[in-house]
Amino acid sequence: MDSFLKQAPRHLFFTGKGGVGKTTTACATALALAERGERVLLVSTDPASNLDEVLGTPLGSAPCMIPGASGLEALNVDPEAAARAYREKVVGPYRGVLPDAAVQSIEEQLSGACTVEIAAFGEFARLLGEPSATAGYGHVVFDTAPTGHTLRLLELPAAWTQFIDANAGGTSCLGPLSGLREQEVLFRATLARLSDGAQTAVVLVARPDPESLAEAERSGRELAALGLANQSLVLNGVFVAQDPADSVAAAWQARVETALANLPPGLARLPRSEIPLKPFEMLGLPALRRFWSPNGDGIATGAAEDAVQGDWLGFEDLLAPLLQAGKGVVMTMGKGGVGKTTVAAALARALARGGGAVHLTTTDPAAHVAAAAGDTPPNLTVSRIDPKVETRDYAAEVMATAGKDLDDAGRALLEEDLRSPCTEEIAVFRAFAREVARAEESFVVIDTAPTGHTLLLLDAAEAYHREVSRSTGALPEAVRHLLPRLRDPKLTRVLLVALPEATPVHEAAALEADLRRAGIEPYAWVLNQSLTPLTLTDPLLRARRRAEARYLREVTESHPRVVVLPWHAEPGLGLESNGGRIT
């Protein structure tokens with residue numbers, strides 16, 4: 001068993017860039033601690049949790065015993081359920097007391113994405129800051145959301161208590177502040193426990209590739225600034241070629257060695273665990289028990305067989321109809337870590353080479369779109385929707401319009417309202433609508449945030465309308481036309497990007513269903529970094545290629561337009577260097 005498990009404090013947080021194996025690592029750790037004789041509670045705070053699939057057990061918002069794992073219980077924090085309960089807790093006492101219009105006004109104030117986040121945080125804080133909630137458990141293991149969301153979650157105790165202290169008006173976009181004041185003691189206890197290295201440790205999970213490592217270092221630095229200084233690093237998926245004559249295996253190993261040789265200084269100082277790339281899927285308890293073993297306990301990689309065949313599309317097939325349209329929005333969406341950014345950047349470069357004006361942007365808080373774009377042609381512009389800049393500009397605009405005729409007391413109250421964390425959601429959403437509007441004249445390629453955040457952004461339309469009307473009395477034209485533009489298949493093309501693995505495929509399928517409920521029909525699926533099109537002799541890689549087959553079939557049997565992009569040592573360059581064609 002890995003050394004950090006032997007000295008694990010009571011609370012363990014697993015965080016990192018999407019797709020690095022946070023959930024797998026958290027589940028394997030919780031299982032190992034339970035099988036050491038501890039009673040362990042495993043909690044997911046990810047809005048797009050796949051804890052159920054990894055453990056092979058349906059979970060709810062209450063602790064559930066995991067069959068076959070004595071001492072291990074798990075739960076998913078359901079943000080929507082938490083928000084419903086929070087809304088009713090705030091609104092309930094006013095029903096029948098205040099006029100219906102006043103009650104409706106409070107409900108509208110509680111309809112935004114920010115309410116969902118603070119309500120979910122209330123559940124998280126209860127588990128961490130309220131001793132009776134987890135009494136009897138030796139360890140509480142948190143499988144946290146992708147890095148950007150996790151950092152916002154952990155900043156909330158300070159952010160909300162500061163907001164409560166500063167806001168003298170008694171109301172906010174969360175309705176009456178009495179509910180938040182009741183939580184203040186709990187929030188402060190939560191922050192104190194997070195900062196106590198004897199009780200809490202953060203495990204940064206990363207893949208041995210430059211982007212994942214850079215994100216882990218940034219995350220570790222920001223967490224340390226919040227007081228979470230007890231940190232360690234898990235490097236997941238370290239590959240050593242079994243057949244050096246296999247050119248793909250040799251390139252993969254060289255990529256890993258280069259990443260490890262250039263480990264960021266902030267990570268090099270941390271205690272480190274290296275987990276070998278396994279020849280099998282990390283689903284179910286038998287696989288999780290082998291996570292910490294050096295070679296998967298000698299599981300055979302199986303007999304050689306040919307890769308599954310299929311009539312899939314390549315990168316050029318995806319590009320051609322976009323060029324023919326001449327303008328429009330292209331959005332890459334899916335689970336974090338599947339290559340949305342590299343696919344978006346490659347498409348933007350290729351569209352720009354077609355001659356038209358192209359703008360590449362991102363709504364992802366952990367964006368690296370500029371780095372992925374590399375050297376850009378003159379007709380390609382790159383930007384990032386910066387939440388801080390957008391929030392500052394939006395607040396200034398509201399004060400200059402809605403606030404210009406107010407007296408001093410009114411302006412002070414409006415300034416207080418704009419200090420609410422919900423203001424950022426509104427500002428970012430407005431910027432997103434503005435970028436989509438540009439597609440009426442040119443190409444706009446949007447590298448969107450990981451699934452949960454993206455859905456919050458899209459679902460925010462009605463809440464946004466109400467909130468902006470409350471503040472300014474007017475809606476920007478771009479916001480007014482946003483949903484019709486997103487629903488227009490001639491203007492907007494959504495690409496669902498996934499790896500040919502269980503969790504990315506199933507999460508993309510759930511996203512597809514949500515988009516369809518919103519009246520948005522996805523244009524194509526992109527299965528990225530696939531081993532299936534490649535010639536392989538390395539037994540470990542061939543075993544992983546065999547595991548891809550079921551997910552390739554699952555997607556292609558139910559979708560008419562599926563693009564399969566082969567694994568390449570340099571993912572972004574790989575798409576364009578061979579056209580993404582399967583040969």
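The values are calculated or read from the model by the stated rules, or taken from the named source; none is laboratory data. A quick note: this is a predicted structure, and the numbers were derived from the prediction, not measured. In this analysis, Cβ positions are derived from the backbone assuming ideal geometry, glycine residues included, and neighbour counts consider all displayed protein chains. Ligands, DNA and RNA are stripped out before the accessible areas are found, and what is left, the full protein with its side chains, is counted by its heavy atoms. Shrake-Rupley method; radii C 1.70, N 1.55, O 1.52, S 1.80 Å.
A protection proxy built from the mean count of other Cβ atoms within 10 Å ranks the segments 559-570, 478-489, most packed first, as 559-570, 478-489.
If packing is taken as the average number of other Cβ atoms within 10 Å across a peptide's residues, how do 283-290, 491-498 rank, most packed first?
Values: 283-290: 17.6, 491-498: 23.6.
Going from most to least packed, we get 491-498, 283-290.
Think of segment 1-112 as a dipole: +1 on every Lys or Arg Cβ, -1 on every Asp or Glu Cβ, centred on the Cα centre; then among M65, A28, V97, A28 lies furthest on the positive end. Here segment 380-442 has 52 percent of its accessible surface on carbon and sulfur atoms, given a 1.4 Å probe and all protein chains in place.
Is there a pair in K278/K340; K278/K335; K89/K335; K327/K404; K22/K490 whose C-alpha atoms are over 29 Å apart, and which pairs would that be? Checking Cα-Cα distances, K89/K335; K327/K404; K22/K490 exceed 29 Å. In terms of modelled amide H atoms, which long-range or inter-chain residues lie less than 5 Å from the amide H of S273? Residues meeting the criterion, in which the H sits 1.01 Å from N, are L233, V234, L235. Using heavy atoms of the protein chains and a probe of 1.4 Å, the accessible area assigned to K404 is about 130 Å². Taken per residue, the accessible surface of segment 478-565 reaches 38 Å², heavy atoms only and a 1.4 Å probe.
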